[in-house]
Amino acid sequence: MSDFSPPLFEQLCCPLDGLPLLFEAPSWRCPSGHCFDTASQGYINLLPVQNKRSRDPGDSKEMVAARRRYLESGVYEPIAAGVWRALMDGLEGEAPYACLDAGCGEGYYPRYLRQQDQQGQLALIGLDISKWAVMAAARSSPDIRWLVGSNAHLPVPDGALDAVLCLFGFAVPDEFLRALKPGGIWVQVETGPDHLLELRRIIYSSLKVDKSQEQTVAAGFCLEHSERIRFDVSLHTQEQIADLLLMTPHMFRASMPGLERVRQLTSLDLQVDVQIKVLRRL
Ligand SMILES: C[S@@+](CC[C@H](N)C(=O)[O-])C[C@H]1O[C@@H](n2cnc3c(N)ncnc32)[C@H](O)[C@@H]1O
Ligand SMILES: [Zn+2]
């Protein structure tokens, strides 16, 4: 249990015109009269129809459920612990720190940070374009601000955030730059070259070189810290292997025979290989 109740982030902006949103129960309103309701699960949908590329963008309900089961088993806890360390080492100035997880999925990492944050220093915001993901996230953690929205248009004022997290997601460096305070940090987690190598060897007949390792730092940021986290996991059921597959892009890239080979597996030993980068806004 926390010693203090954690702060809830209130500085939201209208996704249609960028004006500040004020809470008039049960809705959030901007001075132009745009109105956004708080859903019964506790999240706010700030994704206007015109910013949607499809009717139901982002991860599907099935993908969200698979990610929840997989992550709740605790297999990626070393990654969550690395993100917590990166945040605590990188945050500067006075608490509370506004920290937004851009593409938060079903919310495993914000939930983990909430549990670690015994002193209530973090005003956590979880944002995802998938309403299924945010719905699942909001049900389990009311003390985090949950938003349906896009990383391309974060519904916060310029310079409002102390930290942006982007974990295995779609980074939008210019938008992260806008939303961060000068001196704020962007924590980026990416897959390394050996990530899930054993799974990829079963799926594909030949493996492509992973281009994600090219080191370029986005304009307006400096790379302050980089840490590679490697560990092994053993999956012992077909269900857990199927859940992992549904969380990865391989589910959609792989051929039918490749997917079938994975479906036949009853156990799988895997390497996890990720890079945590901390980029500071100049
Ligand atoms: C690979 S998942 C990672 C989820 C979470 N960070 C985790 O590691 O558990 C990528 C997430 O990004 C979301 N997403 C995709 N495009 C997005 C966008 N433009 N803005 C916000 N979220 C997006 C998807 O719905 C999905 O939940
Ligand atoms: Zn408005």
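The values are calculated or read from the model by the stated rules, or taken from the named source; none is laboratory data. Model, not experiment: these values are computed from the prediction. Neighbour counts are summed over all protein chains in view; Cβ atoms, including those assigned to glycine, are modelled from backbone coordinates with ideal geometry. These accessible areas exclude ligands, DNA and RNA; they are computed on the full protein's heavy atoms, side chains included. Shrake-Rupley method; radii C 1.70, N 1.55, O 1.52, S 1.80 Å.
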Query raised in the report: What are the pairs, 6+ residues apart or on separate chains, where a residue within the stretch 13-36 that is part of a strand (DSSP E or B) has its Cβ under 9 Å from a residue that is more than 10 Å from ligand 2 (Cβ to nearest atom) and of a type in the set (Asp, Glu)?
Result: Phe23/Glu10; Ser27/Asp37; Trp28/Asp37; Cys35/Glu24
Report task. May I ask you to say which residue of Gly105, Gly126, Gly82 is touching a helix residue (DSSP H, G or I) at 6+ places or on another chain (Cβ under 6 Å) and more than 8 Å from ligand 1 (Cβ to nearest atom)? Result -> Gly126
Query raised in the report: Looking at this structure, is Arg29 closer than 30 Å to His236 by Cβ, basic (Lys, Arg) and either within 15 Å of ligand 1 (Cβ to nearest atom) or open to solvent by 30 Å² or more (accessible area, probe 1.4 Å) (or both)?
Result: no
Requested in this report: Consider only pairs whose beta carbons are under 7 Å apart and that are at least six residues apart or on different chains; among these, list those whose first residue lies in the stretch 39-50 and is over 16 Å from Asp143 (Cβ atoms) and part of a loop (DSSP other than H, G, I, E, B) and whose second residue is open to solvent by less than 20 Å² (accessible area, probe 1.4 Å) and of a type in the set (Gly, Ala, Ser).
Outcome: Leu46/Gly149; Leu47/Gly149; Leu47/Ser150
Requested in this report: Considering every residue within the stretch 247-261, establish whether at least one is farther than 18 Å from Ala66 by Cα, part of a helix (DSSP H, G or I) and among the small types (Gly, Ala, Ser).
Outcome: yes
**Report entry** Positions within the stretch 94-133 being out of contact with any strand residue (DSSP E or B) (no Cβ under 7 Å at 6 or more places or on another chain), open to solvent by 20 Å² or more (accessible area, probe 1.4 Å) and among the hydrophobic types (A, V, I, L, M, F, W, C), in sequence order
**Finding:** Ala95, Trp132
Report task. May I ask you to list pairs of residues, at least six apart or on different chains, whose Cβ atoms are under 9 Å apart, with the first in the stretch 157-173 being open to solvent by less than 30 Å² (accessible area, probe 1.4 Å) and the second being acidic (Asp, Glu) and part of a loop (DSSP other than H, G, I, E, B)? Result -> Asp162/Glu92
Report task. Scan (1) open to solvent by 40 Å² or more (accessible area, probe 1.4 Å); (2) closer than 18 Å to Val75 by Cβ; (3) in a strand (DSSP E or B) for the single condition Ala242 breaks and write down its number. Result -> (3)
Requested in this report: Would you list the strands (runs of 3 or more DSSP E) that sit entirely within the stretch 60-169 and hold 3 or more residues that are modelled with pLDDT under 95?
Outcome: none
Query raised in the report: Scanning the stretch 32-77 for residues that are of a type in the set (D, E, K, R) and buried (at least 16 other Cβ atoms within 10 Å of the Cβ), which turns out nearest to ligand 1 (Cβ to nearest atom)?
Result: Asp59
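Given the criteria in contact with a strand residue (DSSP E or B) (Cβ under 6 Å, 6 or more places away or on another chain), surrounded by fewer than 19 Cβ atoms within 10 Å (Cβ to Cβ) and touching a residue at least 40 places away in the same chain (Cβ under 8 Å), does Phe231 qualify? Don't jump to the end; show me each part of the working.
Working: in contact with a strand residue (DSSP E or B) (Cβ under 6 Å, 6 or more places away or on another chain): yes; surrounded by fewer than 19 Cβ atoms within 10 Å (Cβ to Cβ): yes; touching a residue at least 40 places away in the same chain (Cβ under 8 Å): yes.
Criteria met by Phe231.
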Query raised in the report: What residue, among those in the stretch 261-282 that are open to solvent by 60 Å² or more (accessible area, probe 1.4 Å) and among the basic types (Lys, Arg), is farthest from the chain's Cα centre (by Cα)?
Result: Arg261
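Could you pull out the residue among Pro31, Pro48 that is modelled with pLDDT under 95 and either among the β-branched types (Val, Ile, Thr) or over 20 Å from Val187 (Cα atoms) (or both)?
Pro48
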